[in-house]
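The block underneath contains the structure these notes are about, expressed in structure tokens.
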């Protein structure tokens, strides 16, 4: 029996969510800038259409993390629509129609300010965790993340202070 695969129904409400999704069989479907740009452009368009407030995001070659405020209880509709459009466009780009891109997604309702910043930092630390950059000082070198947007909006000291104030916790399982 695999208890970890049991997913009871969720009761969603509007609010801030952390979402993680990985690709089928951990395939590196997003292994080029062009493929990552497909993802980012679709995400930005849908986020605008659905009035999402994006707090943090990152895309790696085989998974992503996002944290956003959704104005209604339709998180599953948003994610399913997003995944469908990304899969369709990526498969069209690679001429591999019908291929399954996404395994599934996991979500977490953000409970308080501490929970928010732990997830915020976890998202932005992912390039270090996966060996894409070597240190916090180099996080702005990874372009498929909201890190640079926060540096531009606040400044680098502000975001690095967030890391000091809220330690990073690994929220994911080895499945991601």
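Every number in this text was worked out from the coordinates using simple rules, so none of it is lab data. This one's a predicted model, so the numbers in the text were calculated from it and none came from an experiment. When we count neighbours, we look across all protein chains shown, and the Cβ atoms used for this are built from the backbone with ideal geometry, even at glycine.
Expressed as a rounded percentage, what relative contact order does the chain have, with Cα pairs under 8 Å and six or more residues apart? Can you show the working numbers first?
Values: 227 pairs, mean separation 47.6, N = 176.
With pairs under 8 Å counted, the relative contact order is 27 percent.
Scaled against the 2.2 N^0.38 Å expected of a compact globular protein of N residues, the Cα radius of gyration of the chain reads 1.02. From most to least packed by mean Cβ count within 10 Å, the peptides 22-29, 81-88, 117-124 give 117-124, 81-88, 22-29. From helices alone, the chain scores -13000 deg cm²/dmol at 222 nm; the rule is -39500 (n - 2.57) for each run of n ≥ 4 DSSP H residues, then divide by the residue total.
Suppose R0 equals 35 Å; then what is the FRET efficiency for residue 170 and residue 96 from their Cβ-Cβ distance, rounded to the nearest 0.05? Intermediate results must be reported in sequence, preceding the final value.
On the way: r = 32 Å, r/R0 = 0.93.
Using R0 = 35 Å, I get an efficiency of 0.60.
Before anything else, pin down the relative contact order of the stretch 95-149: Cα pairs under 8 Å, at least 6 apart, normalised by residue count, whole percent. Could the numbers behind the result be given before it?
Working: 21 pairs, mean separation 11.1, N = 55.
With pairs under 8 Å counted, the relative contact order is 20 percent.
Extents of the stretch 44-125, taken as max minus min of Cα coordinates on every principal axis and listed largest first, are 44, 28, 19 Å.
Given a Förster distance of 45 Å, report the FRET efficiency between residue 135 and residue 80 from their Cβ-Cβ distance, rounded to the nearest 0.05. Intermediate values should be presented prior to the final figure.
Details: r = 37 Å, r/R0 = 0.82.
In this case the efficiency is close to 0.75.
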